[in-house]
Structure formats: C-alpha cells, structure tokens
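The values are calculated or read from the model by the stated rules, or taken from the named source; none is laboratory data. Keep in mind it's a predicted model, so treat the numbers as computed, not measured. Don't worry about glycine lacking a Cβ; one is built from the backbone with ideal geometry, like all the others, and counts go over all protein chains shown. What goes into the accessible areas is simple: the full protein's heavy atoms, side chains included, and nothing from ligands, DNA or RNA. Shrake-Rupley method; radii C 1.70, N 1.55, O 1.52, S 1.80 Å.
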Amino acid sequence: MIPGPVEYEHDVLAAMSRPTYAHTSKEFTEVFRSALENTMRVFGAKEGLPFVIAGSGTLAMEIATVNFIKRDSSVLVVSTGYFGDRFVDLLSRFAKKVEVYRTPLGRPADPKEVYERASKGGYDLVTVTHVDTSTGVRNNVKEIANGFRDLDTLLVVDGVCSIGGEEFSMEWGADVAFTASQKALGTPPGLAVGVVGPKALKAMEKVQPLSFYSDLRKWRDILNSYMQGKAAYFATPAVNLIYALDVSLNSILKEGLDNRVKRHEIIAESIRAAIRSLGLKMIPEEGAYANTISVQFLPEMVKQSSFLSDAERFGAVFAGGLVPEIKERYFRIGHMGSITASEVLIAVGAIERALKKNGYDVDLGKGIAAAEEVLFKNGF
Ligand code: PMP
C-alpha cells in the first residue's frame, strides 16, 4: 500500500518473462505499436506524439520540459509539494528564470491564479503536478488546462500519481503530460510514459535541448516509425517492460477509463471514511483529496518508524512522509492500480492495530466499519 511501485497483476508479470525479441523484430514492433496507441487512449489524446522511454518518472519530468526551453527561458512551477519542488530543482539547471507559485501545505493551486500568472509572466512553460504524492493534494488540472488553450505558454502536467487512476484527458488543454510505469498504470518500474500535444511538438522545433537521451527530436521519428509498424533505432527500448506495459494498458482499457476512475474514487472514499472515524487529520484540504493516495498526520504520541514497522507486521506496508519539515509526522497510503476492497480492509485493520500498539486509543473495528459502509453502499 505504498504509492508505487504497486502490486502487479500476474499476467503483467508473466508478460515480462516472455523471450526478449530483438527490438527490430516483427513481434516486438507490433507490441510497441500497440503500447504507443494504447498510451494515447489512456491519456485521452486524439493527436500528438506518445512516448515510452526507459527510465523512471524523473526522466519523464526532464523529457517533458527540456525539449521546450532555451537557456534564456522563464518558467513557472506550480508546487503543491515535494514533487513540484523537484521541478524547481530540475528546471533551475536548464532555464534562466524559475518562478514558483507554491501553495500552503494541503491547499491546491487556484486555477484563476495560475492563469493570471501564466498570462502575464512571459513563460515558455508552466508545470503543474496533478496529484503531489508527498501531500496527496490533487490540483484541478481540468480547469487549469482550459486556461492554456489561448496562451502561447505550454502547460506540462506531471501525472505520475494520477494517470490511470484519476480522471485526465489531454483534450482538457494540456500540452505535455506524463507518468511512470510503476503507479496507476500497473507496470513494474522502469518506463517514462507520456504524450506531447501539437502545440508542444511545434515549440520543440525551435529548441536544441541540452540533454541527449531526453532529446525528443531524436525520439520522434523512432516513435512515429513504430507507430506505423516499422522498427527504428535511437536507443534500445526496454523490450520486456514494454510487453508488460501493453498488457497493463489493455487491461485498463478493458476495465474502461470511467469505471477505473470510479473504482479508485470509491476505494479512496472508503479509506478516508476510515481515517476520519479514527480521528486522524488528512493533509489535503476538503475537496483536494486524491483518489490514488491518502495522506494524513499521525497522532502526536505515535512514533512514525514504530507505527510503520508494526503495520507491516500486521499485514500492510505504508510510506512515511516526504515534506521535509513534517516528514516524520505523517504517513501515506497508496491505493492505485488493481487495488481491491479486501486490500482496503486489511490495510485499515493494520492501521488500527498499529495505532493502538503505539499508544493511541482506538476502538478496534471502527475504521473497518466506516470503510465497509462506503464499500457496501457502492456495491463493493
Ligand atoms: N512526480 C510524482 C508526482 C511522483 O510521485 C514521482 C515518484 N514518486 C515522481 C514524479 C518521480 O518518479 P520516479 O520516482 O519514478 O523517478
């Protein structure tokens, strides 16, 4: 129950053990073509360039930005936590001016303020983190993206903790969006996955990026070639991970994006009901809760390291904090991918017993009952 890597379906893992065909073979080319097409579908993209490149989400952050900025560029980072701040760190190496719109802990960005800053700032691009995994805050990307339709500035969406679990569509107006394989897409770690929209494809014509492996102009022809069923080479693709990705994407599409988002919503609501009933305080403000992760403070008397190791012994692995000033005062529950109601109940039970073991007065079963009410009401 950490926010990635998550648990993977057997057929996804089994796909990885198939023979490693040559990256130029007909067999692999067909799988890669399908994975790229499925990426477009899962991102709700009708046009643009999908990319699947070996590396983690941090590589995707780099690919999604360095291709669109020059040394004298100004950029704006909308930060709602640790992963927004990572963009500040990353972009400071490539752009001349990096400005930050940082919200107070737990508060999402105000779409109007993003629009106002973006339309006045002369930025080449603006980044926003859909769900910041450090705080569990979900930004209203739909409304933010809508504002960028009439701006020259590009909007880059970090969907690492959202795409495949939260509602998202490139059609909202985002210019680049990306995720990493290990989260809501349900594929083991190792792939940077994204889509570059038409406005961004045009903008990158004018840029010679400072990074070689991340240079999308090198990848573009290769990816387009695979999309047309013809192998091509720039750097060796992660063949077996791409088999696995294609199985995951097919299973997401088979479940249906709407059904999948709904399942994540119900699971998230049941966990929040349990957390509330146990008297713990969530970090996101009301209305800014994510459906892929729940983030809450521990009671003051509970020591985080002891809570986490007890919970693990009781059957569920959770993550500690990432926001530097408070990292030992809260914990994070990841609930994305193929998460089920049964796993929720095991996790909530482990939380209750670990809290009680660490000196917090808990009526055992109260959190489980609260979660069950939500699950039952929704037919789970
Ligand atoms: N962005 C977000 C929102 C993330 O949650 C993460 C990883 N937790 C990253 C970027 C970086 O991804 P990775 O660890 O795969 O490099």
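Values for this structure:
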read-out	value
Average accessible area per residue (Å²) across the stretch 257-377 - probe 1.4 Å, nucleic acids and ligands excluded	45
Extension gain, K97 back to E116 (0.36 nm per residue minus Cα-Cα distance, nm)	5.0 nm
Cα gyration tensor, the chain - rounded (a/c under 1.5), prolate or oblate	oblate
L253-E205 pseudo-label distance in nm [points 7 Å out on the Cα-to-Cβ vector]	3.0
Residues whose placed amide H lies under 5 Å from that of V196, excluding near-sequence neighbours	L49, F51
Within the chain: Cβ-based charge dipole about Cα centre, in debye rounded to nearest 20 (Lys, Arg +1; Asp, Glu -1)	560
Nitroxide proxy distance, nm - points 7 Å out along Cα→Cβ at E143 and R329	2.8
Full-stretch length increase - N224, S17 - with 0.36 nm per residue and alpha-carbon distance subtracted	71.8 nm
Extension gain, R107 back to E7 (0.36 nm per residue minus Cα-Cα distance, nm)	33.1 nm
Mean residue ellipticity (222 nm) of the chain, computed from DSSP H runs ≥ 4 via -39,500 (n - 2.57), nearest 500	-13000 deg cm²/dmol
Anisotropy class of the stretch 25-167 from Cα gyration tensor, a/c 1.5 cut	prolate
DSSP-defined antiparallel bridges as percent of all bridges, the stretch 149-198, nearest 5	55
Pair D361, E37: separation of 7 Å Cα→Cβ label points (nm)	6.2
Under-5 Å amide H pairs with A109, H placed in peptide plane, nonlocal only	N140
Cleavage-rule hits, GluC sites (Glu not before Pro), the stretch 240-290, DSSP coil, Cβ neighbours within 10 Å at most 15	E285, E286
Given K46/K377; K112/K206; K281/K356, the pairs whose alpha carbons are separated by over 26 Å	K46/K377; K112/K206
Amide proton proximity set for I293, modelled H, under 5 Å, gap of 5+	H335
Total charge dipole magnitude, the stretch 257-377, about the Cα centre, Cβ charges on Lys, Arg, Asp, Glu only, Debye to nearest 20	180
